[in-house]
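Peer 1: The structure's right below; bear with me while I get my questions together.
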Amino acid sequence: MLENYLPILIFIVVALAVGVVVVSLGFVLGPHRPDAEKCSVYECGFEAFEDSRMKFDVRYYLVAILFIIFDLEIAFLFPWAVVLGKIGMAGFIAMFIFLAILVIGFIYEWKKGALEWE
Amino acid sequence: MDAILNLWNSFSQDWPTLATLILILLKIVVIMLPLMVLVAYYTYAERKIIGYMQVRIGPNRVGFFGRHAFGLGQPLADAFKLMFKEIVIPTKANRVLFVIAPMLSLGPALAAWAVFPFNEGMALADINAGLLYLLAMTSVGVYGVIIAGWASNSKYALLGAMRSAAQIVSYEIAMGFALVGVLVAAGSLNLSDIVRAQSGSLLHWYWLPLLPLFLIYFISGVAETNRAPFDVAEGESEIVAGFHVDYSGMTFAAFFLGEYANMILVSALTALMFMGGWLSPFQGTPLEPFFAWVPGFVWLVAKTFFFMYLFLWFRATFPRYRYDQIMRLGWKVFIPITIVWILVVGLAVVYQLPWWFD
């Protein structure tokens, strides 16, 4: 059972190693001639006016929060989806109620304008 | 040949653990090398195909040994050029995060292939939780984007990363729901079982029974990889290149490789889950015996190439969406449709209804 997962672990290590090798190749082979202008923050040729880590739109937070809720819902749906053929109508109704509660929340967000980007 | 086999047999008897490790590593190389070549030549195909669509010729100068060869040497030349370019790290950037981000973007895009079944019984790891692993690996990619945007400490990069992350995350929900629909229909998380469940004929592949989910999955895949027409993250006309504006040389190449590897992955997964994977399109028709000699792997690759071509076709055809349109499509159109269709498929499974076209 678990030995099936060994190749995956090795694959992940190799994949990350490929990433590391690709980037370090660039460091080894490329030239290094930094100067103040070259290493300044990119801002279309201007001197940077202020710190770049500025305030950004609160809607990005909102999307992140909604994402957590819905992604968890998907995680809940996965085991249910696999065994649905065996648990039959009772399982379907249980998940329907769960989804209905979430959909009510979803409609509330929609009406509140949380999904509006003008 | 026999001598090598004998040597290998005695070796694997003496050091069984080492032998399995070497075997696994060999398999990984066999998967990863063609993948990297495919990524390289996908960029060439993109330039060539879009070139012809716009009545241009595309790259046709760089060849091998003094021959032009339709410009087939172009990807190699590009790779070598990027290797010898300086990697500029801005003074204000977080140096460690700045270097880690491209690795994080490339690594998961490759690692996702570990569970991919290329033919009946031909997978590196045929695990039961295959689909879950894929969902996990494709989700990790967003870290590379957001870390890159944050570490660059540039306004354009930050804005691009924010847009990109919000978009990826939104479409991941639609994608996840579409996958749940596939799971309900197939009744298994194992990718090989999902393909076997589609066996029957061309009409039994899930593209027809799950048509809305199929369309939503592929369109979400396009949005997830930040490709046109959903490429606001790198909208050249407003935020230059988005989250990788400060990256150069091989750090940029890593993002590029990751993006194209992800496109190939999405195409291959669409082929696997909605187009019957390695199954022959002539199954159940009088033509079946004539094509029985074609290995399943060839069908899978042909289907994958079709979807890879669609990516390029979209880019040449559609104008870029506005950001509010993208978010509206993801949240207000795709998510409601997928939820409804999951319930429909769920009811069909509970009542054991036959496919409606049978």
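The values are calculated or read from the model by the stated rules, or taken from the named source; none is laboratory data. Given the structure is predicted, the values throughout are model-derived calculations rather than measurements. No Cβ is skipped: glycine too gets one built from the backbone with ideal geometry, and neighbour counts run over all protein chains shown. Note: areas computed on protein heavy atoms with side chains; ligands, DNA, RNA excluded. Shrake-Rupley method; radii C 1.70, N 1.55, O 1.52, S 1.80 Å.
Peer 1: Per residue of B:129-138, count partner chain C-beta atoms within 10 Å of its C-beta, then hand back the mean as an integer.
Peer 2: For peptide B:129-138, the averaged partner shielding equals 2.
Peer 1: Moving to a separate point now. If you take every residue apart from B:L72 with its C-beta less than 11 Å away from the C-beta of B:L72, what net charge results, scoring Lys and Arg +1 and Asp and Glu -1?
Peer 2: Charge balance near B:L72 sits at +3.
Peer 1: Kindly flag which residue pairs out of B:K27/B:K48; A:K55/B:K332; A:K55/B:K85; A:K55/A:K112 have an alpha-carbon separation exceeding 25 Å in this structure.
Peer 2: Correct reply: B:K27/B:K48; A:K55/B:K332; A:K55/B:K85.
Peer 1: For B:M53, what charge total do you get from the other residues with a beta carbon under 14 Å from its beta carbon, if Lys and Arg give +1 and Asp and Glu give -1?
Peer 2: Overall, the nearby charge balance is +3.
Peer 1: Can you pull the percent of the protein assembly as shown's accessible area that's carbon plus sulfur, 1.4 Å probe, other chains left in place?
Peer 2: 71 percent
Peer 1: Next question, about the same structure. State to the nearest 20 debye the size of the charge dipole of the stretch B:299-358 about its Cα centre, where the only charges are +1 on K and R beta carbons and -1 on D and E beta carbons.
Peer 2: Around 360 debye, computed over the stretch B:299-358.
Peer 1: Can you tell me the order of B:192-199, B:265-272, B:9-16, B:281-288 when each peptide is scored by its average per-residue count of other Cβ atoms within 10 angstrom, highest first?
Peer 2: Peptide ranking by packing, descending: B:265-272, B:192-199, B:281-288, B:9-16.
Peer 1: Per residue of A:89-97, how many C-beta atoms from partner chains lie within 10 Å of its own C-beta, taken as a mean?
Peer 2: The mean count of partner-chain Cβ atoms within 10 Å per residue comes to 2.
Peer 1: Continuing with the same structure: Give the peptides B:208-214, B:158-164 in descending order of average Cβ contacts within 10 Å, highest first.
Peer 2: B:158-164, B:208-214
Peer 1: Given charges of +1 on the Cβ of Lys and Arg and -1 on the Cβ of Asp and Glu, with all other atoms neutral, how large is the dipole of the stretch B:215-358 about its Cα centre, in debye to the nearest 20?
Peer 2: Roughly 240 debye, rounded to the nearest 20.
Peer 1: Right, another one. Which whole DSSP H helices in chain B pass both tests: a Cα extent of 24 Å or more along the axis and a mean Kyte-Doolittle value no lower than 0.5?
Peer 2: Span-like helices here: B:16-53, B:95-111, B:130-152, B:155-186, B:249-274, B:296-317.
Peer 1: Lys/Arg Cβ at +1, Asp/Glu Cβ at -1, dipole of chain B taken about the Cα centre: which of B:A123, B:M32, B:F256 is farthest positive-ward?
Peer 2: Comparing the listed Cα positions along the dipole, B:F256 ranks first.
Peer 1: Additional query: Going highest first, how would you order B:17-23, B:68-74, B:32-38 by mean Cβ packing within 10 Å?
Peer 2: The packing order, highest mean first, is B:68-74, B:32-38, B:17-23.
Peer 1: Counting Lys and Arg as +1 and Asp and Glu as -1, what is the net charge of the other residues whose Cβ lies under 12 Å from the Cβ of B:A93?
Peer 2: Surrounding charge for B:A93 is +2.
Peer 1: Please list the non-local residues whose amide H lies under 5 Å from the amide H of B:A123, H modeled 1.01 Å from N, same-chain partners needing a gap of 5 or more.
Peer 2: Placed amide hydrogens put B:F118 under 5 Å from B:A123.
Peer 1: Calculate the length of the line joining the C-alpha centroid of the stretch B:31-105 to that of the stretch B:272-330, in whole Å.
Peer 2: The distance from the Cα centre of the stretch B:31-105 to that of the stretch B:272-330 comes to 24 Å.
Peer 1: Only loop residues by DSSP count here, and only those with at most 14 other Cβ atoms within 10 Å; note down the trypsin sites (Lys or Arg not before Pro) in the stretch B:33-94 that meet that.
Peer 2: Sparse-neighbourhood loop trypsin sites (Lys or Arg not before Pro): B:R56, B:R61.
Peer 1: Take peptide A:65-73, look around each residue's Cβ out to 10 angstrom, count Cβ atoms belonging to other protein chains, and average those counts.
Peer 2: Counting Cβ atoms of other protein chains within 10 Å of each residue's Cβ and averaging gives 4.
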